[in-house]
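K.L.:
I have a structure I would like to understand better, so I am pasting it below and will then ask my questions one at a time.
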Amino acid sequence: MAMVAASEAPILLLDSDLTVVAASASFCQSFQLDPAKVTDRPIFELGAGEWDVRQLRSLLKATGSGSADVKAYEMDLKRPEQEPRRLVINARKLDLGDSGAVRLLVTVSDVTDARIAEKLKDDLLREKAILLQEVQHRVANSLQIIASVLLQNARTVQSDETRTHLKDAHSRVMSIATVQKQLAASRLGNVELRPYFSQLCESLGASMIRDHDQLSIEVNTDDSAVLADISVSLGLIVTELVINALKHAFPASRAGKITVGYQAHGPNWTLSVVDNGVGMPKDRESATPGLGTNIVEALARQLQARVHVADAKPGTNVSIVHTKLAVVEDGRPAEAAV
């Protein structure tokens, strides 16, 4: 009884008649009850009778008979001129040995404020989801408008060089729109790369390939999934490399294929774009890097990876390689990060 009375949690000790034997000070304080009017009274007569709830009465009687325990029973405590309070009640019969006395230990938790906070959090998350969906919808519409304007201008300009730049910009905008659409569908979780790259390459092929029987883009990846922000960088790299291959690897309507690959082994991964076109120019080392090359290198640095360009014989193999430090059994580094 002394332990109950001194408890910081709202606790009641009841006898077999469900009369209060002892009550903690926190119980009286939490429910605004006079301690002198709590003990030696049935629990159902406390206050203005707000504890006289039929289901609570049945549960406590079953607990007193030993046939059941009350576990996380929830009820609304309704008091005159006060807002209802949501309570979680637990009760169990105490084993007092051979004394023959029946004692029930009842704990009461007021979860009203926690439930209000939880509801507020859910409402905020729901509102955030609605706002995010609206933003994504507007971004998608804006990208489509920009792409349409670029394509329309490309058809009307007289300069071939300007037309080429406008078409490149249109392809980049369309690929970004595809990235945005895929990320919206993933809801900022992990993004599966196979469907992501497939959709991205379909978008690029639809806007840049005239004869799909002569030129194709193939996706060959494992089952990897990456975080949304990493997938954005990978998608932009694929876009630039595929656009570059379509522009330079197949002159004079040359037939061929571009393969986009991704393989991961633990923390290490390789992204590759391989074509079977005309291959690298002989004076590649002296050539000035274009916008696409600079974008790919910047994105690779962001991913802590390196760009490797090799002769695919025929064609060109551009790989983005990310290798982390490996550790062997004795704890020494096996290889340095590349």
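The values are calculated or read from the model by the stated rules, or taken from the named source; none is laboratory data. Computed from a prediction, not measured in an experiment: that's the story for all the values here. When we count neighbours, we look across all protein chains shown, and the Cβ atoms used for this are built from the backbone with ideal geometry, even at glycine. Surface accessibility is based on the protein's heavy atoms, side chains included, excluding ligands, DNA and RNA. Shrake-Rupley method; radii C 1.70, N 1.55, O 1.52, S 1.80 Å.
K.L.:
What would the Debye formula give as log10 I(q)/I(0) at q = 0.07 Å⁻¹ for the alpha-carbon point model of the chain, no solvent?
P.N.:
With no solvent term, the Cα-only Debye profile gives -0.57.
K.L.:
Something else: Among I230, G66, G290, whose Cα lies farthest out toward the positive end of the dipole of the chain, if unit charges sit on the beta carbon of Lys, Arg (+1) and Asp, Glu (-1)?
P.N.:
Comparing the listed Cα positions along the dipole, G290 ranks first.
K.L.:
What does the highest-first list of 149-158, 43-52 look like by mean Cβ count within 10 Å?
P.N.:
Working: 149-158: 13.1, 43-52: 16.5.
Answer by packing, highest mean first, reads 43-52, 149-158.
K.L.:
Grab the other residues whose beta carbon is less than 14 angstrom from that of P84, score K and R as +1, D and E as -1, and report the net.
P.N.:
That works out to -2.
K.L.:
Then there's this: For the chain, which whole percent of the accessible surface, found with a 1.4 angstrom probe, sits on carbon and sulfur atoms?
P.N.:
52 percent
K.L.:
Using the heavy atoms of the protein chains alone and a 1.4 angstrom probe, what is the accessible area of the chain per residue in square angstrom?
P.N.:
60 Å²
K.L.:
Pick from E81, E161, E127 the residue whose mean-square fluctuation is largest in a GNM of the chain, springs joining Cα atoms under 10 Å.
P.N.:
E81
K.L.:
At a Cα cut-off below 17 Å, give the lysines reachable from K128, other chains included and same-chain residues fewer than 8 away excluded.
P.N.:
In chain and number order, the partners are K119.
K.L.:
With every protein chain left in place and a probe of 1.4 Å, what is the accessible surface of H212, to the nearest 10 Å²?
P.N.:
The accessible area of H212 comes to roughly 100 Å².
K.L.:
Expressed as a rounded percentage, what relative contact order does the chain have, with Cα pairs under 8 Å and six or more residues apart?
P.N.:
Numbers: 535 pairs, mean separation 29.2, N = 338.
Relative contact order for the chain comes out at 9 percent.
K.L.:
Using a 1.4 angstrom probe with every protein chain in place, what is the largest-first accessible-area order of D229, D211?
P.N.:
I get D229, D211, largest accessible area first.
K.L.:
Which aspartates and glutamates have a Cα less than 16 Å from the Cα of K121, not counting those fewer than 8 places away in the same chain?
P.N.:
Output for K121: D113.
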